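The values are calculated or read from the model by the stated rules, or taken from the named source; none is laboratory data. In this text the structure is predicted, and so the values were computed from the model without any measurement. We place every Cβ from the backbone using ideal geometry, glycine too, and count neighbours over all the protein chains shown.
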């Protein structure tokens, strides 16, 4: 192995393994978490979330800020809404989008802090 340090023996630390096994989330939760984090794997969706971190916006405004077509933004917003990352409200003919809750804001802020931390 190149840059990865590995044990030079084959010994299991039973006490640690038992504690960790008991603390592991069930497989359904793990699957849901994996799907949740996949949503962040698309730069356009991250850019949309970053824009909504600052202000509630309609599709037209998001498309203008991101310099993209409204249809592409609408498609990504559907995925973000399905994942409960954004919500919308109607005001007459205009539909405004915002982050679904404070958890989403914290996830974006923590991700940014982690990436920019040196």
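Key figures for this structure:
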quantity	calculated
Leading residue by the ranking (modelled with the lowest pLDDT) among those in the range 75-110 that are within 16 Å of residue 43 (Cα to Cα) and exposed (fewer than 14 other Cβ atoms within 10 Å of the Cβ)	109
Tally, over the range 52-64, of residues that are in a helix (DSSP H, G or I) and buried (at least 16 other Cβ atoms within 10 Å of the Cβ)	5
Residues of the range 1-45 classified as under 30 Å from residue 76 (Cα atoms), out of contact with any helix residue (DSSP H, G or I) (no Cβ under 7 Å at 6 or more places or on another chain) and assigned to a helix (DSSP H, G or I), total	14
